[in-house]
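Everything on this sheet refers to the single structure shown next.
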Amino acid sequence: MLPSIDASEVGTTGLIWLFFSYGYALYVASNYISDGSDLLLLVPSMAGLVGSVVLPLLGAVPDAAIMLFSGLGDISEAQETLSVGVGALAGSTIMLLTVPWFLSVFAGRVDLRGPQKNPNYTGKPKLTPGIAITQTLLHTGIGITDEVRHGALIMMITTIPYFLIQVPAIFTDGLVEEVAGREKYWALSGLVICLTGFVAYMILQLRSSSNNMEKTKRIAIMKKFLHEGEVSLSGALVGALDGDDMPTVGSAEGRTIYQSIVEFRALEVPETIKLTLKEILRDPFNKYDEDRNGTLDRSEVKTLLRDFHETISDDEFEAMFHKSDKDGDGTIDFDEFISICYTFITMQQNQRMRIELAQQYDLENPL
């Protein structure tokens, strides 16, 4: 027998203590898992794998643990304990599917306009204040994306194993042993379908992980960790750069590779990268624009880089600022700030590549 706690032995106060301590442990553990998964999503080469395989597996572990430990122990009590475990799992799952979904829809609802009932996301106000309950139910709502429809279809498909077991049970009578004997093959079929469907779901998610939804998720994570100071500026932004958009470095001999920011020319930011950087850097720019004039001076840019854990010498900073300040007024606007950040993180990427190429050249051409 595995060690367990008898409710009659610990009393009400003991159960309350176990409830809160266990809940706190789950809360802390879930935060660690969430933060670690978010950080892995910042690595472009791993983002698809993490989002499509790692997170579903981690999400299935608590449910599997509930079922596993519910069935352990005396075999004569296994049916009853499993029923309790399944009931708890079903109840918590239904609550997670209904309560947060309802609150999200209610908080994000907008007016529905026109005969097509299009969500009023661009109008002002988006939601008419003070409307009656009937108006709220019939004339407000949210927009449904293809991803939501796709997810709803998958959820409907997951009910197949449930009906595969429950429908035959309706037409099965007799003693418990007889019913179990008749249903075991249906239960086995349900198990096979569940495992096959789970693997197919992960493969499907992996194939669709490069879409805009995944990119939007990575941008949101970048903004979150940048705001909390968990990652450096270059660490948060490097995930937004695709390999094809990086400037070409030269040969391993070092003749055409940039040595420092002083030698680095201000780069033209590709339009696709510019849109991503604007979305990530708008909030930091506004935060450090202390006089709210839409520009940053030297001290404000330097403070921003320092607060975001970037180390740069005074000479390198002056060279970078001068080359990005195209109109020479001693301040940079938001577009020039984007150019500075792109130049800076691209320079760091080039320096890493220069070191790697030099090491490779030394290995291939020993003295």
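Kindly establish whether residue 165 is touching a residue at least 24 places away in the same chain (Cβ under 8 Å), among the aliphatic types (A, V, I, L, M), part of a helix (DSSP H, G or I) and under 19 Å from residue 96 (Cβ atoms).
Numbers: touching a residue at least 24 places away in the same chain (Cβ under 8 Å): yes; among the aliphatic types (A, V, I, L, M): yes; part of a helix (DSSP H, G or I): yes; under 19 Å from residue 96 (Cβ atoms): no.
Criteria not met by residue 165.
Taking the residues in segment 101-150 that are of a type in the set (Gly, Ala, Ser) and over 30 Å from residue 208 (Cβ atoms) as candidates, determine which candidate is surrounded by the fewest Cβ atoms within 10 Å (Cβ to Cβ). I'd like the intermediate steps shown before the answer.
First, the residues of segment 101-150 that are of a type in the set (Gly, Ala, Ser): 104, 107-108, 114, 123, 130, 132, 141, 143.
Retained after the next criterion (residues that are over 30 Å from residue 208 (Cβ atoms)): 114, 123, 130, 132.
Values: 114: 7, 123: 12, 130: 5, 132: 9.
Per the stated criteria, the residue is 130.
Could you grab me the full set of residues in segment 328-367 that are more than 28 Å from the chain's Cα centre (by Cα), under 18 Å from residue 297 (Cα atoms) and of a type in the set (A, V, I, L, M, F, W, C)?
Residue satisfying the conditions is 332 alone.
Counting only residues that are touching a residue at least 60 places away in the same chain (Cβ under 8 Å) and assigned to a loop (DSSP other than H, G, I, E, B), which one in segment 287-325 is farthest from residue 225 (Cα to Cα)?
310
When segment 171-188 is examined, which residues are found to be open to solvent by 50 Å² or more (accessible area, probe 1.4 Å) and part of a helix (DSSP H, G or I)? Give the derivation first.
Of segment 171-188, the ones open to solvent by 50 Å² or more (accessible area, probe 1.4 Å) are 171, 173-178, 180, 182, 184-186, 188.
Passing the criteria: 176, 177, 178, 180, 182, 184, 185, 186, 188.
Looking at residue 277 and the list (1) at pLDDT below 65; (2) under 30 Å from residue 54 (Cβ atoms); (3) surrounded by 12 or more Cβ atoms within 10 Å (Cβ to Cβ), which single condition is not satisfied?
(1)
The values are calculated or read from the model by the stated rules, or taken from the named source; none is laboratory data. Everything numeric in this text was worked out from a predicted model, so none of it was measured. Because the Cβ atoms are built from the backbone with ideal geometry, glycine has one as well, and the counts that use them run over all protein chains shown. These accessible areas exclude ligands, DNA and RNA; they are computed on the full protein's heavy atoms, side chains included. Shrake-Rupley method; radii C 1.70, N 1.55, O 1.52, S 1.80 Å.
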